[in-house]
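See structure below.
Each reported figure results from applying straightforward, stated rules to the coordinates on display, with no laboratory input. Everything numeric here is computed off the predicted structure, so don't read it as measured data. Glycine gets a Cβ as well: all are built from the backbone with ideal geometry, and neighbour counts include every protein chain shown.
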């Protein structure tokens, strides 16, 4: 098939990310961001959404054939672009609203129209859980799909990718928009076919991986001008076949805080494994060597920064044990690196927390979602060190062949927007990094969720006893319960405690995700108990069963605070959707990781003393201490994300200097 130059250009088109602003420029830009987030923006969106609703009568009277004909006329206007498209924006959205009612049985609320308009204008819309973000994204995606520019709706997992695309397909089809989806199971031909649709649903990991693979496939012909010159000079086609994407233009990011903030710390790397038997053996020997090293005596472990420092005694033991080992162990720096890595694996990487074992394979667990990531591995030999610790077959080390951070990747889109239930805490960073202004869309109905006071405990054992007692108490009333834990291990242990008390609970964690959607959908039924790691079930509504509203609605229990307050808010936001009643409460102990990891010993001692002496203000002191720990954790995470940005900048400068590709 003949490809004209403009089509070939678009296949590898993307926006070159601008350099981060510094100094006075950054200060002025921050002020601009606050201006873009001003209250007047929300008022304007409300006025436009009301104008759309007022046009309802015009479209209700249309027959299906006439409505579809008018929709296709709007498609032609949006395809041509320019001021004409913006002129017909509100009538077009009113027509799509009517189509949604006919094809999905859902007539978008005013707040959903406000959200769709915000997405169309390049905003990040904060919409509470249960407010219909899936349909909101669909409304905006239709407007973008009409332009025939590539439009990607990016969400957090393959289940939501397929579910959302298939659920909205009747609406897309009626509006003249082709929709597809790409998951980890998609083959290359299927990927190319679905990316070729007007709107494509995909996870951030799959989209970035396909982008990198396409660029590797193009090799030195990534620049479209170079491909055109080669085509003119050479008799054979210059551009390699096998590309799956058709360029980057528009991205609508669902659960944007998770994708753009939480996952931004870890770059996506495409690597190739290579045999290195000596390194595998060295990793195994290092694990044996550290078996005799004792904490505080031979080394110090810094939990906050995940660092290991050997003492003089530890260094001496290492030298003595390495004396009879082969040449690799005689170099001081390499020997120290291997031993420290083995200790890091032992002290900071724990089974059923950072990873699980499936068969004889080590599978990483996503810290923020609690989901397994079978295609990922830790870098720089850490994956092999953890495998050695667990006694598994040590896998071959890998070599990086392509790397790109999610921060830099999403800045490559010409048009970026997103949705999430928790954006205000990161509004400044979202503007500074991505140029995304945030707007808080009000809920369709007032939130009736009651936030019960946090419960504090001196140790974990008393905390877990109290949690079990509270579950028994609430279960006796018939209320459904959703209990959030931070690790697979904690969820399994709580499930066992409840089973011993004769309480039946369903559990959702990285080892039990096959029935996730069904379990989380039924979580609102009377007397249900669901135990879930962090964000399991995110994106799936919890609807209350018959009679549950009269009992008080869904009750959410957090078994500890997360390092990010946004994740706590997301968990609590699972109750009280769309004006339903509900309640939420956190149970916290002074042995929780957040308290131990992010507070200095002096502050921890003051808090514990106030508790030991039963001071009247002890709960205020405890709450203030945990808030401080959470702020410190969030500050550290922010610094790590800034480090990723700096690495991108250094790479950019290095490649620019060598004449390489600067993406």
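Using mean Cβ contacts within 10 Å as the protection proxy, how do 628-635, 586-593, 62-69, 418-425 order, highest first?
On the way: 628-635: 16.8, 586-593: 19.6, 62-69: 13.0, 418-425: 22.4.
Going from most to least packed, we get 418-425, 586-593, 628-635, 62-69.
Grab every C-alpha pair in region 448-589, bin the distances at 5 angstrom width from 0 up to the longest one, and report whole percents. That works out to 2, 11, 22, 26, 23, 13, 4, 0, in percent per bin.
Just check region 275-396 against the gyration tensor rule for me: Cα atoms, a ≥ b ≥ c as the square roots of the eigenvalues, rounded for a/c under 1.5, and otherwise prolate or oblate depending on whether a/b exceeds b/c. Here region 275-396 falls in the oblate category. The peptide list 520-529, 114-123, 245-254, 182-191, put in order of mean Cβ contacts within 10 Å with the highest first, becomes 114-123, 245-254, 520-529, 182-191.
With a/c under 1.5 counting as rounded, go ahead and sort region 20-162 into rounded, prolate or oblate using the C-alpha gyration tensor (a ≥ b ≥ c being the square roots of the eigenvalues; past the cut-off, prolate if a/b is larger than b/c, else oblate). Prolate shape, in that a/c is at least 1.5 and a/b is the bigger ratio. Extension gain for residue 647 to residue 76 (0.36 nm times residue separation, less C-alpha to C-alpha distance): 201.2 nm.
Peptides 87-96, 153-162, 308-317: what's the order by average Cβ count within 10 Å, highest mean first? The partial results should precede the final answer.
On the way: 87-96: 19.7, 153-162: 22.7, 308-317: 16.0.
Result, highest mean Cβ count within 10 Å first: 153-162, 87-96, 308-317.
Dividing the summed -39500 (n - 2.57) terms of all DSSP H runs of n ≥ 4 by the residue count of the chain sets its mean residue ellipticity at 222 nm at -15000 deg cm²/dmol.
Extension gain, residue 25 to residue 402: 0.36 nm times the residue separation minus the Cα-Cα distance gives 132.5 nm.
Expected output is a single nm value to one decimal: the length gained when fully extending between residue 44 and residue 460, i.e. 0.36 nm times separation in residues minus the C-alpha distance. What is it? Numbers along the way, then the final one.
Numbers: separation 416, 0.36 × 416 = 149.76 nm, distance 4.96 nm.
The span from residue 44 to residue 460 would gain 144.8 nm if fully extended.
Rounded, prolate or oblate: which fits region 451-493, taking a ≥ b ≥ c as square roots of the Cα gyration tensor eigenvalues, rounded meaning a/c under 1.5, else prolate when a/b beats b/c? Write down the numbers at each step before the final one.
On the way: a/c = 1.70, a/b = 1.25, b/c = 1.36.
Judged from the Cα gyration tensor, region 451-493 comes out oblate (a/c at least 1.5, b/c at or above a/b).
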